[in-house]
Amino acid sequence: MTATVTQNAHAESARPRHWLSTPIFGIPLPLFAIAALVLIAAIATDTIPTGMIGALLVMMIFGELLGFLGDRLPIIKSYLGGGAILAIFGAAALVYVNWLPADVTDNVTQFMKSGGFLNFYIAALITGSILGMDSKVLVKVGSRYALPLVCAVLFAALFAVAVGWLLGFSPQDAVVVITLPIMGGGMGAGAVPMSQIYEQLLGQPASYYISILVPALALGNVFAIIIAGLLNGLANRVPSLTGNGQMMPGVRSKSARASPISPSWASAWSRR
């Protein structure tokens, strides 16, 4: 009887699902489409609420829609980072062509930056990632992982200095303006606090340094996603290059022992 139930379950899972039953953000496609139409109507009639409710609604609907499309477009999915890259450029394109009104974009920007939600998300993401690790593995890996980590940081700084020299940047600008913001935690934990530090040390207003740091940070994030997608494709083609969840030789987490993990940029970098 158990074998019959298992066979039926496998048969149902192997049966192709209708496209209307495809979920987006865990919501069936028709319901998600209704929510998207309601959001578009609210934007068109200028009735979308301000504050946290309106900002989260815009980010969740458009972000999940762009992520869903990016994860299924052939070239973008395989070589350019999938939904994360389409969410970044798609949202920027919506703002650039003025399909999102200025009051909507200002509300989202204020909620993310002035409201402190970005800092909260980064802190929760880092804390959750650390607490979710196997403590025994973390202790074993920490001492052996420190040296490669320091070498990677130094190599990144030297690489930035070399490329900056070719493009006319001084070594100081290459490290301070390009390397440190990218490796310091992105926008909320990197560029914003660093611009405030530079303001106190160098005298220019923080907005001046933000205008310099943000382009390098944005391009760094984009290239990180693209390179991660390429590495994921390489690991799928050559499985011997990935540890399938094993952080270091001889050290394996409980989750990796229970179910091997295929390398994926989406599992390493939460975009939504």
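Taken together, the values in this text are just the output of simple stated rules run on the coordinates, not laboratory data. Small disclaimer: the values here were computed from a predicted structure and weren't measured. All Cβ positions, even for glycine, are placed from backbone atoms using ideal geometry, and neighbour counts span all protein chains on display.
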For this session: Treat each spin label as a single point 7 Å out from the Cα along the C-beta direction, and report the residue 105 to residue 167 distance in nm.
Result: 2.3 nm
For this session: Quick one: order 29, 37, 180 by neighbouring beta-carbon count within 10 Å, fewest to most.
Result: 37, 29, 180
Exercise. So how do 64, 199 line up by other beta-carbon neighbours within 10 Å, fewest first?
Worked result: 199, 64
Exercise. Hey, which aspartates and glutamates would be in cross-link range of residue 113, C-alpha to C-alpha under 16 Å, not counting anything within fewer than 8 residues on its own chain?
Worked result: 103
Exercise. Label-point separation (nm) for residue 114 and residue 183, each offset 7 Å from Cα along Cα-to-Cβ?
Worked result: 3.5 nm
